[in-house]
Structures are given as structure tokens and as C-alpha cells.
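First the structure, in the form of C-alpha cells, and then the observations on it.
Rule-based calculations on the coordinates, nothing more; no lab input. Just so we're clear, the structure is a prediction, and the values are computed from it rather than from any experiment. Please note: Cβ atoms are built from the backbone with ideal geometry, for glycine as well, and neighbour counts cover all protein chains shown.
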Amino acid sequence: MDSLDNKVANGGASAAGKLASTEWNQAAAELENAFVEVGVTPSSGDLFQVAKAIMAYGQGYAFWGTASGPSTAYVITELTVSVEGVGLFDGMTVKFRPNVNNTTTTPTINVFGTGVKNIVNEAGGAIAVGDLSTLRDAEVRYDGTDWRLLSRCLGLRLDAFYPSGHIRGFSLSNAPADTDHDITIQPGECQAISGDFNFDVATVFTKQLDVTWAAGTSAGGRPNTVSLAADTWYYVYIIGGAGATNDYGFDTHIAAINLLSYASSETGDTYNKFRRIGAILTDSSQNIKQFLTDSADYGLIHWADPVRHVNISLSSGTDTTKTAFTADGPLGSSAILQVSAAANSSSGTRMFIDVRGNDEADIAPSQTNHVIRSWDEFGAHEWYQSTQVRVPLSATSQASYRCLAVTNNLNTLELEISTRGYVWNRRDS
């Protein structure tokens, strides 16, 4: 557009007071473009078109409005300057204070009479109940189809928010209603083992080991391809995927392939993300062994009833051969073993007892390699010691023990080893 100086003034030189039609059209077109660009439809009866454009540009295309309507269908109206007739455009943003908290994950919104649209999160998925709150302002951006909520979204996390291996919460316990078959899982958040998906669950879940898997809490958790068996470890998983609702279940497979496949077939969604959050063990009656999760460390599990694995009595000499036994701990864990020994010998006997993982090198007990030892050359009287030790278990949950007496004057040795619990690395599971 050319300069209009001296072209609209009265009198003067021959060029003054004259404005060519092309130049006037340029001036009008430039004003029109200013408000058309922000979605205002030209109208001869609307004298606020430029004001609307100034407001839009001044706020970075952000409009402020007041909210009304129910918690499932918000209606936004102008607060001061009339913005009726402002058309929707991709990137348009609106700020408002919700009049009620949303009670559904799929609320709608009608901004300035432009029509009912869905409210979604920044990723285009469903928002969480309570994301729209009367306690904080909401900001939404139009993407050409829906309004995306730019403010706080409980159900949306970016991968960058959770570092590799992140896990918080998901404490497990025997469910009070049926401690033999059900597990209660507390809320938590974690990154999938694949590192490309985040889990967030804000509610308590209960899953049933003795019932075939079904979606939701207070439902079955075992895929139909995995049988309920005695003395068997079942891993506890959180599962999900793009478009799938986060859930839980049990599997004997370390990669949850049975659970993922069954949940996908039952729901029609694609369950392909998982994270192991624990493990449970059945007893000889196919009931879940009772346990307690340490409140200070959810990777530390205490058995309600310790299990004795070794109970031997040696009356002559000492067993100097590495002997394996199965302890109560899942794959990748270290058993918390209570090792107790009592002896009765003639004078001159020194006793050393070692307990270690069955995959560790076999080293004879000695003055420098033991978990329990007697004092030097105790006389003909009884002797007793007990201690706790953590032992890394083999892939088949085995540990081993070995005993040694320096002299062969042992009359009686009683050795007991029991599992008090186990500890596992939640970060890398």
C-alpha cells in the first residue's frame, strides 16, 4: 500500500485531495486482511472487526471467555468486547476458568457459538477426570478438529518426564477380601520396560489369580493359557499400549507374552507395553503365599511365615560338599536367608559355615569365607549362632551351603536355613 500523505487533504497541488481507487482498495484490503487472518468474517454492520483483530494479535491469538454449562459440555461466552463472528482457525487459543470440574474423560466445548467440539489432551487422547478444575485456569487450542487442553493433564506424560527405569508406587499386598487368591495394587507410575511408554494409574486395583483375565479392577488377572498351579511363581505386570486402557495381570512368562496376547484378544485393543511390578508365589494348595511389602522399599518383600529349606543333623564329621537348595525368591532376586547353627563337639573343633548363590564359585568355608563360625577350638559343650544373609539366587531360585570343621571331633551339628523374604531390583525389571 502506497503512502496516503496529502492525498485526502482539501486544496493544494493537483495531486492533493485525490486518491486513486486502486490505492483506496489497497488500504481497505489491508485492514480487511488484518481481521480475516484471525477468522473474523467481513460484515458491513460490524464496527468491531479491527478491534477483534487487535485483541487477537495482542493476546497471541488467545481469547478470554467465561464458562457455563454442565461438567460434560462447557459453553464459553465473551467477557467484554464482543467476539461473536470470530471464526475458528487452526492455532486459535482460548483461556477460561471452568465453572465445574469435568466428570467425564470426553467433555465438549462450544467456544463463542462456533459449534460443539471435543476437548482432548495435547496428544489428542482423552483427558482425565478432574483435568478441568474450578481451582485453575484452563487453556485450549483449536487443532482444526478438536480443542486440545494445554494446561494440566493428569493422564498425559511425555517420555522425557520419566527417566529410564523410573518406577514409583505399585505396592502389592494380599487383598483383604480373599487373601488366598487376590492381590491389591496401589497407584503408581513407571516407564514401560521398552523405554518408550509411560504408565500412570491413580486408582487402587484388585486382580484375581484364580479367575481368567478381564479388564478392570476386581476382575480376573490370569490369561486362559496359563494354568493355576501349586508352588509356582507368577509375575505381576502392568500392561497397556496406544489406545489401550492401563490394566494389570499375571503371567509365568518373564516378557508377559501370554498376558499381552490374551488382553488384546479380549478387548480388541493392542496391549504391547508392560512392566513387571512384582511377583507372587503359590503354595501346595495353589493359594497365594502371604507376604508383606516393606513400606520403605517396595522391592523388599517379607514372608508372613518364613519357610525352612534346610534342616540337617550331622553326627560325625562335617559335610564339605557344596549342597544346593531352592529358596523362596523369584527370578532376578536375592533371598533373605536366616542361617542358624548349633553344635556339640569334643574339644579342639572349629566350625565354619558358608551360604551363597548356587551360581557363585564353590569356595570352601574358612577363617575368611563364612557367614557363621564358632570361636576357636571350643571345648566339649554346646554352641549356637544365627544370622541373616542376602544371597543372589540362580535362574532356578537356588542357593547353596557348605560346612567345614577344622578337626574331625564333631559330635553333632544342627543346621537350619529358612527364607525370611527377598529383595529384587524394581528399576531394571
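Look at TRP424, TRP383 and count the other Cβ atoms within 10 Å of each Cβ; fewest to most, that gives TRP383, TRP424. For LEU150, LEU415, the sequence from fewest to most other C-beta atoms within 10 Å is LEU150, LEU415. Spacing of the modelled spin labels on ALA361 and ALA296, each 7 Å from Cα toward Cβ, amounts to 3.4 nm. Modelled spin-label separation between ALA215 and ARG427, with each label point placed 7 Å from Cα along the Cα-to-Cβ direction: 3.5 nm.
In region 163-281, Cα pairs under 8 Å separated by at least six residues give a relative contact order of 21 percent. Of the residues TYR162, TYR271, TYR384, the one with the fewest other Cβ atoms within 10 Å heads the list, and the complete ranking is TYR384, TYR162, TYR271. FRET efficiency for the ASP178 to SER44 pair, using the beta carbon distance and R₀ = 56 Å, is estimated at 0.15.
Maximal additional length on extending the GLU139-ALA123 stretch stands at 4.3 nm, based on 0.36 nm per residue less the C-alpha distance. In this label model, SER194 and SER151 are separated by 3.4 nm, measuring between points 7 Å along each Cα→Cβ vector.
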